[in-house]
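Input: a single structure, listed below in structure tokens.
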Amino acid sequence: MPKIELTTSILAPIEKVFDLSRNIDLHMESTKQTGEKAIAGKTSGLIELGETVTWKAKHFGVWQTLTSKITEYDRPNLFVDEMVSGAFKSIHHQHHFIASGNQTIMKDIFEFESPLGILGRMFNKLILTRYLTELLEERNRVIKEAAELN
């Protein structure tokens, strides 16, 4: 199962970074290149423990939907979202937050599994891992920019 780990330092309080990271509206801003929209469940504002959101986005020229649920929540240190339904076999995304002086260290641990056995594993290695890393990096850039505005 591929694993993407990213660490982002943000010059802002941990509570602010945590809330921006679970903000549906900011997430849509960070994924505008895919036309991503929240279409069911929690569709704006801050997502909470036990809530779901269904996203619709265009990836590789195909419109797809994916529903995820917040399965763990410890404000302002951690939340986890997991895929409930969608094109993947599984997605498990841990969002960790660590206060460090006047900044917050935001760490993503994103694990996913594609369907289609060996073909899925080849697609992961050749294309998908890099594609998803770039999406997560853009998301983190937007969160950092929003958090450091004030």
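For this structure, a couple of remarks:
- Taken about its Cα centre, the chain carries a charge dipole of roughly 480 debye when the Cβ of each Lys and Arg holds +1 and the Cβ of each Asp and Glu holds -1.
- For the chain, the relative contact order comes to 30 percent (Cα pairs under 8 Å, sequence separation of at least 6).
- Whole-angstrom gap from the stretch 112-127 to the stretch 39-109, using each part's C-alpha centre: 21 Å
- In degrees, nearest ten, helix 129-147 long axis to first principal axis of the chain (Cα): 20 degrees
- CD proxy at 222 nm, helix term only [per DSSP H run n ≥ 4: -39500 (n - 2.57); per residue of the chain; nearest 500]: -8000 deg cm²/dmol
- Kirkwood-Stokes translational diffusion coefficient of the chain, alpha-carbon pairs, 4 °C, 1.567 mPa s, µm²/s: 82 µm²/s
- 21 Å Cα cut-off, lysine pairs counted over the chain (separation 8 or more, or different chains): 27
Coordinate-derived values only; no laboratory data. What you are looking at is a predicted structure, and each value in this text was computed from that prediction instead of being measured. Every residue, glycine among them, receives a Cβ derived from its backbone with ideal geometry; neighbour counts consider all protein chains shown.
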